[in-house]
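The values are calculated or read from the model by the stated rules, or taken from the named source; none is laboratory data. Since the structure is predicted, the reported quantities are computational estimates derived from the model, not experimental observations. Cβ sites come from the backbone with ideal geometry, for glycine too, and all protein chains shown count toward neighbours.
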Amino acid sequence: MMKSSYESTKGMKKKRFIYVGDGSADFYGGLKLVEGEILMARNKSPVWDLIYSNPLSNKAHIHAWNHEEELGIGLLILINTIFIQDLLIVNPKQLHSHMTPPLQMVS
């Protein structure tokens, strides 16, 4: 799965992956991630146990989640963070065009 995901982005602007897992097989998928990518592992799951018994094997940033709601919120935060970081890297002035204007008090 990871190999085909990487291959589908060849020739495109650098993409960052967020890999979500909770099984032991997800540990091996996570090993293919590079620095700057993210592995979201369910806390106290087989993948979590493998990550922490082999701490130097993973180059990705590790983010824990406990239940589906927390996973969803975590994904939204990470995606928004990556989006903003990419805007700042590509064109800092472009960031302002994507932000909502501040609220103004009307009396």
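Figures for the structure shown
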read-out	value
Number of positions in the stretch 17-51 that are surrounded by 19 or more Cβ atoms within 10 Å (Cβ to Cβ), over 17 Å from Leu71 (Cα atoms) and not aliphatic (A, V, I, L, M)	2
Breaking point among (1) over 17 Å from Tyr19 (Cβ atoms); (2) at pLDDT below 90, for Ile82	(1)
Criterion (modelled with pLDDT under 90 and buried (at least 16 other Cβ atoms within 10 Å of the Cβ)) met by exactly one of Asn58, Asn91	Asn58
Every pair of residues 6+ apart whose Cβ atoms lie under 7 Å, when the first sits in the stretch 60-72 and is assigned to a loop (DSSP other than H, G, I, E, B) while the second is surrounded by fewer than 16 Cβ atoms within 10 Å (Cβ to Cβ)	Asn66/Asn43
Candidates Lys32, Lys44 - the one that is without any contact (Cβ under 8 Å) to a residue 40 or more places away in the chain, of a type outside the set (Val, Ile, Thr), farther than 28 Å from Asp86 by Cα and not in a helix (DSSP H, G or I)	Lys44
